[in-house]
1. Could you name the aspartates and glutamates whose alpha carbon sits less than 18 Å from that of Lys16, not counting residues in the same chain fewer than 8 places away?
2. Say each of Ser111 and Ser60 gets a label point 7 Å from the Cα, pointing the same way as Cα to Cβ; how far apart are those two points in nm?
3. Please grab the % of Cα pairs in the stretch 6-122 that end up more than 24 Å from each other.
4. Give me Tyr38, Tyr135 ranked fewest to most by other Cβ atoms within 10 Å of their Cβ, as a rough exposure proxy.
5. Which value in nm describes the separation of the simple spin-label points at Ala28 and Ala51, placed 7 Å from the Cα toward the beta carbon?
6. For Ser86 and Met129 in the same chain, what is the full-extension length gain: residue separation times 0.36 nm, less their Cα-Cα distance, in nm?
7. Between Glu14 and Phe40, what is 0.36 nm times their sequence separation minus the Cα-Cα distance? Round to one decimal in nm.
Amino acid sequence: MLSGQWAFGGIDGETKDVFMIPVQDRSAATLVPLIQRYIFPGTAILSDEWASCNSIPTASFQHLTVNHSLNFVDPTTGVHTQTVESTWGSAKKRQRNCMTTNPILLDTNLSEVCWQKKFGEASFSNLIMEIRKQYPVVQLYHTSALVFLL
């Protein structure tokens, strides 16, 4: 992402599903309501020790952290943010390649990264399948005789 563009998101530890949404800033006032809206209560949230993350309501969530100035993987808990960092790296690269600060495109680019993370190599064919579900093509022809009207 470009300077001044921020996103909030997460990765489901079991399904590896990803969500990302643009945000105005990284303050606790912005992030905590989004955490409460998008993440199920009781979920373990893994993060670095970013100041805004210290406001995560521990009554609803288990908040596990890693201090990157000491370790990339917490030696006691095994907590790391490498999966998240890799995913954000993909989003940042996608946005940089677009060479734009247009916030409308940020949302589109984040959606594309989430789709590609979900479907990997098959992301394009899965997109076509989803389009076909929404807009089915009806084929009305008999296999032994085709009639064309010109």
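Just so you know, all these numbers are worked out from the coordinates, no wet-lab data involved. Here the structure is a predicted model, which is why all the values come from computation and not from measurement. Cβ sites come from the backbone with ideal geometry, for glycine too, and all protein chains shown count toward neighbours.
1. Glu85, Glu112, Glu121
2. That separation, rounded to one decimal, is 2.6 nm.
3. Looking at the stretch 6-122, the distances longer than 24 Å represent 28 percent of pairs.
4. Tyr135, Tyr38
5. Modelled inter-label distance: 1.1 nm.
6. Length gained, Ser86 through Met129: 12.7 nm.
7. 8.0 nm
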